[in-house]
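Chemist: The structure that follows is given in the form of structure tokens.
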Amino acid sequence: MAYSHRTVLLEPAIDALLSPGFGRGAASGDAPPLDGVYVDGTFGRGGHSRLLLQRLAPRARLLVFDKDPEAIAVAQALRQTDARVEVVHDGFATLAEQLDHLQIPAVDGVLLDLGVSSPQIDDAARGFSFMRDGPLDMRMDTSRGQTAAQWLAEADQEQIKEVIAHYGEERFAFQIAKAIVAYRQSGALCTTAQLAQLVAGVVRTREKGQHPATRTFQAIRIHINAELAQLAHALPAALTRLRVGGRLAVISFHSLEDRMVKQCLAAAARPGQAQARLPIPEKDMPQPWVTLLGRVQADAAEVGENVRSRSAVLRVARRTAEPLSLEQAAALVSLPGQAQAARRPARRGRR
């Protein structure tokens, strides 16, 4: 069965990597073909990669990553027609290791398009969508790892509640987890329709236009694929492997991942913010590791053509010449909840 796939923020993402005037209102495609080494950390069906290749010079290199075996098959086919492409069947969290393996010390641009792709959502057999009945899988890499059905069959109520509350920001997480555990007493939870119906029976109120199971499906998918942990590994690797002037462009689709990207890039752009009020000479203040180039969202025309682009946010930064170690870069990233937990005072007395 063929699936229609529209790449989100296609032109803006490639402009973010290549255009000298990005962020200053310059027209797209305003740069001559460029040499260099670039990374597409989430190949998908290759929309971003194909446009990027059109604007790269013959001697450039493009390293494409994906966990999904179906995406890798498409990438391998592209490799057969364009020798500039190198394919890695793995997640972008392994960026540093793969660059070391290929003896690539630094790159000129990294693009990360986060979350699940349209072909994955549209294929009922992948189990990502509550709108299509299929096996409760949710793995981006179907060749390894635990499925959502297997995890829901084994996890205890507290674990399920924590995942749904933390990754889905779902206020009915306790009730949903309780209902899942109760359902297991009479049979296995194996399909997306079963889970969607179960959640809909518990979540009585929801934002207008949103299915009651939206947050639960998002949370379980993020957990099964360790998406935020993968991002926490990828951001420091990307920042430390960019050449001076190299760019990092990240497209996110929900608040948790966008918050991570925003906070990381803001901290890299203003490393001395915590010391701003201290009597420290300007010359002794930490210097920025990146320059922020902007934030882009899909315009009305794109949202009209592709409703899935409505929540997409593209954030872009350019590396400065200030040295940045992997340890320093890792300190810029915090998983959602870490900062709040660090500031939260210890509770005393009755619970």
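Chemist: For a quick protection proxy, order the peptides 101-109, 216-224 by their average other-Cβ count within 10 Å, most packed first.
Modeler: Those peptides, ordered most packed to least, come out 216-224, 101-109.
Chemist: Sticking with this one: Just name one of M260, V203, V244: the one whose Cα is farthest towards the positive end of the charge dipole of the chain (beta-carbon charges, Lys/Arg +1, Asp/Glu -1).
Modeler: In the chain, that residue is V203.
Chemist: Want the number for Q157 to A229: 0.36 nm per residue separation, take away the alpha-carbon distance, what's left?
Modeler: That works out to 23.7 nm of additional length.
Chemist: State the answer as a single residue: which of G21, A153, V85 lies farthest towards the positive end of the charge dipole of the chain, with beta carbon charges of +1 for Lys and Arg and -1 for Asp and Glu, about the Cα centre.
Modeler: A153
Chemist: Next up: Over the alpha-carbon set of region 140-225, divide Rg by the Kirkwood Rh and report the Rg/Rh ratio to two decimals.
Modeler: For region 140-225, the value is 0.94.
Chemist: When a/c is below 1.5 the answer is rounded, else prolate if a/b is larger than b/c, else oblate, so apply that to region 178-256 with a ≥ b ≥ c taken from the square roots of the Cα gyration tensor eigenvalues.
Modeler: It comes out prolate by the Cα gyration axes.
Chemist: Looking at the square roots a ≥ b ≥ c of the eigenvalues of the Cα gyration tensor of region 133-189, which shape do they give, rounded for a/c under 1.5, prolate if a/b is larger than b/c, or oblate?
Modeler: oblate
Chemist: What percentages make up the Cα-Cα pair-distance distribution of region 73-178 when the bins are 5 Å wide from 0?
Modeler: 2, 9, 13, 17, 19, 14, 10, 9, 6, 2, 0
Chemist: Arranged from highest to lowest average of other beta-carbon atoms within 10 Å per residue, in what order do the peptides 153-164, 114-125 appear?
Modeler: Sorting 153-164, 114-125 by mean packing, highest first, produces 114-125, 153-164.
Chemist: Still on this model: Of R206, R139, R55, which is the most mobile in a GNM of the chain whose springs link Cα atoms less than 10 angstrom apart?
Modeler: Of R206, R139, R55, the most mobile in the Gaussian network model is R206.
Chemist: Also: Rounded to a whole number, what % of the accessible area of region 24-121 do carbon and sulfur atoms account for, probe 1.4 Å?
Modeler: Within region 24-121, the accessible surface is 51 percent carbon and sulfur.
Chemist: Averaged per residue, what accessible area in Å² does the chain show with a 1.4 Å probe, protein chains only?
Modeler: Using a 1.4 Å probe on heavy atoms only, each residue of the chain averages 50 Å².
Chemist: When the dipole is taken about the Cα centre of the chain, and only Lys, Arg (+1) and Asp, Glu (-1) are charged at their Cβ, what size is it in debye, to the nearest 20?
Modeler: Value, rounded to 20: 1280 debye.
Chemist: Under a 5 Å amide H to amide H cut-off, with H placed in plane at 1.01 Å, what residues pair with G294 once short-range neighbours are removed?
Modeler: It is V316, by chain and number.
Chemist: For a test of the definition: using alpha carbon positions, the gyration tensor, and the 1.5 limit on a/c, classify region 137-280 as rounded, prolate or oblate.
Modeler: prolate
The values are calculated or read from the model by the stated rules, or taken from the named source; none is laboratory data. What you see is a predicted model; the values in this text were computed from it and never measured. No Cβ is skipped: glycine too gets one built from the backbone with ideal geometry, and neighbour counts run over all protein chains shown. Keep in mind that these areas ignore ligands, DNA and RNA; they rest on the heavy atoms of the full protein, side chains included. Shrake-Rupley method; radii C 1.70, N 1.55, O 1.52, S 1.80 Å.
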